[in-house]
Every structure is written in structure tokens, then in C-alpha cells.
There are 2 protein chains.
Amino acid sequence: MKRVKLVVAYDGTAYHGWQLQPGSATIEGELNRALSALLQEEIQVIGASRTDSGVHALCNVAVFDTDARIPAEKISYALNQRLPEDIRIQSSAEVEADFHPRHCDSRKTYEYRILNTRFLLPTRRLYTHFTYVPLDVIKMRQAAAYFVGEHDFKSFCAPAAVVETTVRTIYELAVEKRGDEIVISVCGSGFLYNMVRIIAGTLMEVGRGKLAPEAVKSIIDAKDRQKAGPTAPACGLTLVKYEFLEDI
Amino acid sequence: MKRVKLVVAYDGTAYHGWQLQPGSATIEGELNRALSALLQEEIQVIGASRTDSGVHALCNVAVFDTDARIPAEKISYALNQRLPEDIRIQSSAEVEADFHPRHCDSRKTYEYRILNTRFLLPTRRLYTHFTYVPLDVIKMRQAAAYFVGEHDFKSFCAPAAVVETTVRTIYELAVEKRGDEIVISVCGSGFLYNMVRIIAGTLMEVGRGKLAPEAVKSIIDAKDRQKAGPTAPACGLTLVKYEFLEDI
């Protein structure tokens, strides 16, 4: 028996998110199906980030146990042959038997990409959120600074979520202009349900002048989802980096 | 009666190319349909570059004549509401009545993007051609130099094409590394059928060491399609710039 860690990239456009859902195409479902067929035993992966419907990833992480004799490093190649083109294993490796991706310290970085042009560019519509309203990057950057550190992010959590605590730590939140896109990069130990998309939606309100940068402080203090901006659309969001503490 | 010029961006993934084809979705067909419905008269656009099935564009050009009283600049907004999301007009403007996009001097720039990573990245699969074989950019750049200038490009033309002459001029051909992509940019007055994709396929043969950079000279001289490399897949190709001589 060995435990294998997969690094998984996917285009979330066609999926109902990561998490297994009977009757719906999900990343977890596709991995379980392809692994079970490849290894000829029933496999259920444990995922690291349960990304939402339509969200993309360059490097989500999944682990599973297997008795199969195929070397762990070879699984990536064999598995890719059985997966649809919008899911691709980037690496596979054996890890310690007690490694659990959700029970160990990690840093995740998400990017939220905003296409800020006069008209939508079709070749980027699937991986950015388009808005023709000009956004002020300087003000968005000023607002971003208020998020950094340990805070109760209750105002930035979808109300339906059931969690022990809404306190989280953001290590870094950068807003940068990359050509005709504005990219929000947020690095943290973990995020609440919809947190990055609500942060992005709030920063866009600042960028278009509907909120002052300083307003973010009182929105955090309010601990009230109603005070924050809207949840930005899923297609703009990509999980771009996943570091486990031992790797850092 | 006025003549209107449209700048059109599209994701070619779902289309059988630019040119009208009964029974198949094409960019020209979608434009004719949406314009005719908007202006309440039968419209047939004249396209500048008849891009192939699966090829993308940021700025292809089409013109048409209309009696409608809507100001030319407003057509872009109204038309985008009637087009599918993978086609978007970037601008509309009135031009002289005798302006014809294929009968005037122009410079077109195409980019061919190669994703050169160990495994495919799903979020870029639609707009790049993936190969895990490491490519030598320096050698590709050496080979690229042989294409620049006026040449008979018969070796780089799909044999089925019927054309008066296979002589064309390439003003510039750059090969650059952009992160994990290799981007071939080629600027010319006009291109033969499949010419950019055959150039890309040939440069990839050089990059992987199957052809020496100097071999390109003798391939051009041979005037024989069989001597050149394969036609690289359509998805990697995007029309990125279109300049008419009066604009330059």
C-alpha cells in the first residue's frame, strides 16, 4: 500500500467544481473514475482545495492510496491518457502514508483576472472576468492592503457556509496591471467559501469608484456579508500555486 | 448608402473558419446573420483574411454597405448584442465607398503559440499548440531569418491552393520565449493557404533537431511542399494585428 500525491491542472468551464456530485461532471469524479479504471481497484481521492463550479486550477492537489505496483511517478502519464483534455495531471509522486492535503500547513495562491477592455476579447472570455468599466488600479491596491494579515473574514464568506471559525490569514494581496488585464493575486493559508471572489468583487467596486479604499476596513469590522461587494464570477478565478509547509 | 468597416475578434474553436459555408457555423455567416437582423436588410460582408477552421483573431476586418441610418460607430455595440460570445466587434467606423480590405496594401501579423511544457495545461489548450518535446529557440530563430524578404513560398503552401503567384514578402519573423510558451510572430503583406502553419511546423522540426536551421534555405529553393515540415495545428494560430497602408 502506498499513498500517492497528484498535482492536477484543469479548466473548470465544463465542471460543477471539484467535489463529487452524483449526476454531475466534477474533477473529483473524473479522477476517481480514471484512477479506478487504470489501477483496477476502487479509488477515492482526497482533494486539497474544493474549488467551485467554473473555477480553474494549475496545481490543485489530490492524494489516494493504492496497492498497485505501478511506480508512483508513472501514474501521471498513464492517467492523462484516460482523462479528458481539460484535466491534466502535472506530476505524481509517493508521499508518506499520513500525508493529508487538508490537514497540513499550506499556502495557496489564487489569481483573479479581470479583462478591462472596451469590448470582450473572445479568446480570453473563459479565463478572465470582463468589464468595460475602467478600474483604478492604484485605489484597488490601497484597498488591498487592508485585507493583509489575520482577520475575521465573515463579511467575505458566502452566508451558507458552515465553518468553525471565519478567521483567516492573508499573507499577500497584490493588484497588478498585466497588459489589458488587472490581476489580483491573493496568498493565504486557507480561504472561506467564495472568499476570493467576494474580495475581487469588493476590489472592483473600489476600482470603479463606488467604494473608497478605506471602506474595506469597516467592511471587515462589520462581519456582515451584506456590506461587502458582490461575488465576482467564477471564470476569472484560478488556483495558481499550492505550497505545503515542508516545501517552503 | 455608406460603407462600414468592422474590426472583429473571435475564438475560432467552434467555427469552420471565416468563409461562408452552407450548413456550417462560420464567422462570415454569423456576421451576415446578425447584421441583416440588426439593419433589417440583407447584408453580406467582405472579409479581409479568410482564416481557416479553428484559427483565432483579435482584429480581422470586414466591410459592408448599408442604407441604415444608425451611426457607423454605434453598430459595434448593437451588433455585439446579437452575436455569440465567441465573436466580438472591437470597432465599427465609416470608410470611403471604394475601400476594399483585400484590394489595398496591408500588413498582417500572425502569432503561432507553442506551449512547451512537460504536460498540457488545460487552460491554454484552446489557444496554443502543446508539445512536450523541448524546442531550441536559438536554432528556431536562426532558421526564421531565412524566411524574411521576398521569396517564392511554394514549399509553404497547401498544394490544393489555386493562386496566381506563390511569391510573398515576409517583413519580420520573430521567435521568442514568453514564460513557458514559444511564440512565433510573422508579419507580411499576405500569406498563402496554410503558409504560417507550415512555417510553424517547419520551425518546430528545427527546434527539435530534426532539421538544421540552414535547411530552410534549400526548402524554400526546392519549391516543393514535400520538403517543408508538417502543417502545425490550427488552434495555435491567431491573427493579432492588421494594418492598412494608410494607417502605417
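The values are calculated or read from the model by the stated rules, or taken from the named source; none is laboratory data. Keep in mind the model is a prediction, meaning the values are calculated, not measured. Cβ placement follows ideal geometry from the backbone for every residue including glycine, while neighbour counts extend to all protein chains displayed. Just so you know, the surface numbers come from the protein's heavy atoms only, side chains and all, with ligands and any DNA or RNA stripped out. Shrake-Rupley method; radii C 1.70, N 1.55, O 1.52, S 1.80 Å.
Between the alpha-carbon centres of segment B:17-83 and segment B:114-144 there is a gap of 33 Å. Computed over the alpha-carbon atoms, segment A:114-171 gives an Rg to Rh ratio of 1.11, Rh here being the Kirkwood radius from the mean inverse distance.
Loop-located GluC sites (Glu not before Pro) across segment B:152-233 with a Cβ neighbour count of 15 or fewer within 10 Å are B:E164, B:E214, with loop assigned by DSSP.
According to the Kirkwood relation over distinct C-alpha pairs, the hydrodynamic radius of segment A:67-115 is 13.8 Å. Since only A:V216, A:H16, A:G54 are under comparison, the one whose Cα sits farthest along the positive direction of the charge dipole of the protein assembly as shown, derived from C-beta charges on Lys, Arg, Asp and Glu, is A:V216. Only protein heavy atoms count here, probed at 1.4 Å, and on that basis chains B and A bury about 2100 Å² of accessible area in total.
Identify, among B:Q142, B:H103, B:F119, the residue whose Cα sits farthest towards the positive end of the charge dipole of segment B:101-160, taking +1 on the Cβ of Lys and Arg and -1 on the Cβ of Asp and Glu, with the dipole about the Cα centre. So the residue we want is B:F119. Distances between placed amide hydrogens fall under 5 Å for B:Q44 paired with B:D65, all partners being 5 or more residues away or on another chain.
Could you tell me what % of all Cα pairs in segment B:1-123 have separations over 25 Å? When every Cα pair of segment B:1-123 is considered, 25 percent fall beyond 25 Å. The two copies B and A are related by a rotation, and the chain B beta carbon nearest its axis, with distance in whole angstrom, is B:L126, 4. Here the contact order of segment A:1-83, divided by its residue count and restricted to Cα pairs under 8 Å and six or more residues apart, works out to 41 percent.
Taking the accessible area of the protein assembly as shown, probe 1.4 Å, and keeping the other protein chains in place, the carbon and sulfur fraction comes to 48%. The residues of chain A expose on average 45 square angstrom of accessible surface per residue, using a 1.4 Å probe on protein heavy atoms.
Each Lys and Arg Cβ is given +1 and each Asp and Glu Cβ -1; about its Cα centre, the protein assembly as shown then shows a dipole of about 100 debye. Its Cα gyration tensor gives chain A an equivalent ellipsoid. The semi-axes, each the square root of 5 times an eigenvalue, are 34, 20, 15 Å from largest down. Considering helices alone, the calculated mean residue ellipticity of chain B at 222 nm is -6000 deg cm²/dmol, with DSSP H runs of length four and up weighted by -39500 (n - 2.57) and normalised per residue. Divided by 2.2 N^0.38 Å, where N counts the residues, the Cα radius of gyration of segment B:204-248 comes to 1.61.
What size of dipole, in debye to the nearest 20, comes out for segment B:120-248 about its Cα centre when the only charges are +1 on Lys and Arg C-beta atoms and -1 on Asp and Glu C-beta atoms?
Rounded to the nearest 20 debye, it is 560 debye.
Summing +1 for each Lys or Arg and -1 for each Asp or Glu among the other residues whose beta-carbon sits under 14 angstrom from that of B:P213 gives +2.
Burial annotation for segment B:103-119: residues with an accessible-area loss of at least 20 Å² between the isolated chain and the complete set of protein chains, computed on heavy atoms with a 1.4 Å probe, are B:R118, B:F119. Going from the isolated chain to the complete set of protein chains, segment A:39-85 loses at least 40 Å² of heavy-atom accessible area (1.4 Å probe) at A:L58, A:Y77, A:E85. Take each residue in A:123-131, count the other chain C-beta atoms within 10 Å of its C-beta, and the mean is 4.
Across the cross-link table entries A:K154/A:K177; B:K74/B:K108; A:K154/A:K217; A:K108/A:K177, which are compared at the Cα atoms, the separations over 23 Å belong to A:K154/A:K177; B:K74/B:K108. Summarised as an ellipsoid, segment A:126-248 has semi-axes of 21, 18, 14 Å, derived from the eigenvalues of the Cα gyration tensor scaled by 5 and square-rooted, with the largest first.
Think of each Lys and Arg Cβ as +1 and each Asp and Glu Cβ as -1; about the Cα centre, that makes the dipole of chain B roughly 880 debye. The alpha carbon convex hull volume per residue for the protein assembly as shown rounds to 184 Å³. Here A:G149 yields copy-to-copy label distances, from shortest upward, of 6.6 nm, the label point defined as 7 Å from Cα along Cα to C-beta.
Only Cα pairs under 8 Å and 6+ residues apart enter the sum, and on that basis the relative contact order of segment B:88-214 stands at 31 percent.
Listed by chain and number, the lysines whose C-alpha is less than 18 Å from the C-alpha of B:K210, apart from same-chain residues fewer than 8 away, are B:K139, B:K227.
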